[in-house]
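First up is the structure itself, then whatever we jot down about it.
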Amino acid sequence: MVDERLGGWQPATVEERLDRMESYAAIQQLVSRYARALDARDMDTLVALFHPDVRVGPDQRGREALKVWMSDVMSQMRTSVHLVANHVIDFGDADHATGVVYCRDELERPDRDQWAVGAIQYWDEYVRVEGEWCINRRSLYRWYMVDALQRPSPGAGVNPFSDHIRERLLPDAYPTWAAFWDTRAG
């Protein structure tokens, strides 16, 4: 019986199994280092976590373009706190993986006299480049974002930075979500 709980790729040797364990740890570090760099506004460290030719928007590429874009986004808030939690990683092969990262984010918005809190997921693609794991692509999905004094409701505050970030709505983004509820209907 093949165990596919870590993705479709199954290591064939002890060395490949060890490499997958080390890769798993390295990918988890990418996510934690991303959150720390984002909150510290350390844009050089942040962009170094990405593929050197990362796609930025529809028509730009590279870490320098990402640095400009991320700096614009993060300058819209004074303080941020990103607490990463569950991290599911699936390996496609020895050098490619995907992941889903849960995150609680808090954003200080002095322009709105607001301290916003939210719950998001990052849906990631990872790739190993010259022996180092990188984030190849990162998509943001959000349950909600509200002022800390408000109660969340489904979809509340989604796309507050619509000029820069397109957030997709959870739980609707899950392909299994509608199918589950279709089976429960009358």
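Restricting to region 109-157, name every residue that is over 23 Å from MET70 (Cβ atoms), touching a residue at least 12 places away in the same chain (Cβ under 8 Å) and either of a type in the set (D, E, K, R) or in contact with a Cys (Cβ under 6 Å, 6 or more places away or on another chain) (or both).
Matches in region 109-157: ASP147 only.
List every residue pair whose Cβ atoms lie under 8 Å apart, where the two residues are 6 or more positions apart in sequence or sit on different chains, the first residue falls within region 34-61 and is more than 18 Å from VAL84 (Cα to Cα), and the second residue, located anywhere, is polar (S, T, N, Q) and part of a helix (DSSP H, G or I).
Here the result reads MET43/SER71, each pair linking region 34-61 to a residue that is polar (S, T, N, Q) and part of a helix (DSSP H, G or I).
Does VAL146 count as over 30 Å from GLY62 (Cβ atoms), modelled with pLDDT of 85 or more and assigned to a strand (DSSP E or B)? Spell out how you get there, then give the answer.
Working: over 30 Å from GLY62 (Cβ atoms): yes; modelled with pLDDT of 85 or more: yes; assigned to a strand (DSSP E or B): yes.
Considered against the rule, which asks whether it is over 30 Å from GLY62 (Cβ atoms), modelled with pLDDT of 85 or more and assigned to a strand (DSSP E or B), VAL146 comes out as yes.
The rows are residues; the columns are (1) at pLDDT below 90; (2) among the charged types (D, E, K, R); (3) farther than 18 Å from LEU83 by Cα.
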{"position": "GLY99", "(1), (2), (3)": "no, no, no"}
{"position": "ARG104", "(1), (2), (3)": "no, yes, no"}
{"position": "GLY131", "(1), (2), (3)": "no, no, yes"}
{"position": "ASN136", "(1), (2), (3)": "no, no, yes"}
{"position": "LEU140", "(1), (2), (3)": "no, no, no"}
{"position": "PRO154", "(1), (2), (3)": "yes, no, yes"}
{"position": "HIS164", "(1), (2), (3)": "yes, no, yes"}
{"position": "LEU169", "(1), (2), (3)": "yes, no, yes"}
{"position": "TYR174", "(1), (2), (3)": "yes, no, yes"}
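For the condition without any contact (Cβ under 8 Å) to a residue 40 or more places away in the chain, assigned to a loop (DSSP other than H, G, I, E, B) and buried (at least 18 other Cβ atoms within 10 Å of the Cβ), what is the one hit in MET77, MET70?
MET77
Every residue in region 92-133 that is closer than 17 Å to TYR24 by Cα and buried (at least 20 other Cβ atoms within 10 Å of the Cβ), please.
Our first condition is that a residue be closer than 17 Å to TYR24 by Cα; within region 92-133, this holds for 92-102, 122-133.
If the condition is that a residue be closer than 17 Å to TYR24 by Cα and buried (at least 20 other Cβ atoms within 10 Å of the Cβ), then ALA97, GLY99, VAL101, TYR122, ASP124, TYR126, TRP133 are the ones that fit.
The values are calculated or read from the model by the stated rules, or taken from the named source; none is laboratory data. These numbers were taken from a predicted model, which means no experiment stands behind them. When we count neighbours, we look across all protein chains shown, and the Cβ atoms used for this are built from the backbone with ideal geometry, even at glycine.
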